[in-house]
1. Can you pull out every residue in segment 240-259 that is touching a residue at least 40 places away in the same chain (Cβ under 8 Å) and over 23 Å from SER31 (Cβ atoms)?
2. Take segment 254-265 and flag every residue that is farther than 25 Å from LYS290 by Cα and surrounded by fewer than 17 Cβ atoms within 10 Å (Cβ to Cβ).
3. Kindly list the number of the only condition in (1) surrounded by fewer than 20 Cβ atoms within 10 Å (Cβ to Cβ); (2) within 13 Å of ligand 3 (Cβ to nearest atom) that fails for LEU193.
4. Return the total of residues in segment 203-216 being under 21 Å from VAL164 (Cβ atoms) and either away from ligand 2 (no atom under 16 Å from the Cβ) or not small (Gly, Ala, Ser) (or both).
5. Taking THR98 and the conditions (1) away from ligand 1 (no atom under 16 Å from the Cβ); (2) closer than 16 Å to ASN185 by Cα; (3) outside any strand (DSSP E or B), which numbered condition does it fall short on, given that it satisfies the others?
6. Hey, could you check segment 198-220 for residues that are out of contact with any Gly (no Cβ under 6 Å at 6 or more places or on another chain) and more than 16 Å from ligand 3 (Cβ to nearest atom) and say which is farthest from THR180 (Cα to Cα)?
7. Given the criteria among the β-branched types (Val, Ile, Thr) and farther than 26 Å from ALA210 by Cβ, does THR98 qualify?
8. Quick one: would you say GLU313 is without any contact (Cβ under 8 Å) to a residue 60 or more places away in the chain and closer than 19 Å to SER195 by Cα?
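The values are calculated or read from the model by the stated rules, or taken from the named source; none is laboratory data. If you're wondering where the values come from, they're calculated on a predicted model, not measured in any experiment. Glycine gets a Cβ as well: all are built from the backbone with ideal geometry, and neighbour counts include every protein chain shown.
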Amino acid sequence: MRKVILILLLISVILLLSTCAKRKEGQCKLSRRQVDISESTIYYACQNQSKLSEKPAQFKDLPEKASNRVNYFLAKIADREIPLIIDRGSKSKLYLDTDADGCLSDEKSFTPKTIKKRLFGPVDYHRFGPVSVKFEQAAEKFAQQIYVFTRDSYMRRLILGPAVYRKGKILLDNNIYEVTVIDGNFDGKYDKLFSPPVERIYQPGCDSFAIDLNRNGKLDFNYYHHSELMPLSRMVKVGNSYYSINVAESGESIELNKIRPDLGTLDLGNANVKLKLWSDTAQQYIFNFKNSVQIPAGRYQAFFVELSLIDSEKNTCNFTSYTNTGTLGNFEISKNQTTSFKIGPPFKIMTTAQQNRNTVSIGCTLLGQAGEQYRPNFKKNGMQVSPAVLRIIDEHDNVVYSGRFKYG
Ligand SMILES: [Ca+2]
Ligand SMILES: [Ca+2]
Ligand SMILES: [Ca+2]
């Protein structure tokens, strides 16, 4: 018995050694994985669609058996608008124009499967698919499998996502990292780079890349702070080194090569900030930014700015700007050049009013010098200050309402 265990151990060691020996620095194969709606891996590849008020011109026909209870959508697949319906007849059915000819009469129907998930409490999802999409034309030939999810029993709001992504393990400087690529524009290819500026951080419209930088076996994700999931760019920063990212168009393999990129300088005067930057070059999360920083040349979009200021009484005040970062929302860093912005105070106070039927919502924002919008509920020595005071005055200077902002 002992002999058998010893032999098995020896075989395992040999197998392990041969696997390590085979693993080439900076290269690996990527295998297909089925998508799960609760995985953060697909967050940047999810597409939210709402029911359209009427049938769009892109629809040439409807399925022969369609009822008169049809919800119309236009799915964005491979950067094209593709007809999709949910027929809410006796049983809900999905039809998607998988060959992009504008016709749904040539398409098969998909019925939903119920998936029970524990996201923010127990949730039932309806999942259609996987639907195979294949457009074949003179200049393009690709295939992708798509899932369509909804939590809405009336099926007015849908979430489209790829049904598969690709994952592997790569050796970089004696460490093995898990890497993932996701087809975010559903064209079956893994080559669509992030191109700033984008309107919504939730839907950058490009492919995504993930790397388990801290090698803890899970994907650490955050929209506004450090994140191991990012839009696909030309490079990735691992430790203090940059690696070029080369994914095979099919997504079957990846190569990361250490490079020394051309650098430029971002200068924010004497500001002390935290910054989250997306770029066509490499995502950056800079948490110790003082005055200036050197980053690779490229086009950038800041999604998060936290400005730290010391007042005359030596209190530290932290102001945060999410998404609306003014000029920092789209800027260029050029090789050996300095790009400068003045940010922060003196602040301008901007008020907004939105009417929704009988309710008017009044908001207040602090506008920095680069047009970056800060929330008025800043932190003083780490503690949230009370929300700003609000007074509504009529045309005769009478105060008709006085109170504090509810949501900061
Ligand atoms: Ca069709
Ligand atoms: Ca793609
Ligand atoms: Ca991790």
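1. Those that are touching a residue at least 40 places away in the same chain (Cβ under 8 Å) and over 23 Å from SER31 (Cβ atoms): SER241, TYR242, LYS258.
2. Residues satisfying the conditions are GLU255, ASN257, LYS258, ILE259.
3. (2)
4. 7
5. Evaluating THR98 over (1) away from ligand 1 (no atom under 16 Å from the Cβ); (2) closer than 16 Å to ASN185 by Cα; (3) outside any strand (DSSP E or B) leaves (1) as the failure.
6. GLU199
7. So THR98 fits the description; yes.
8. Here the answer is no, as GLU313 does not meet what is asked.
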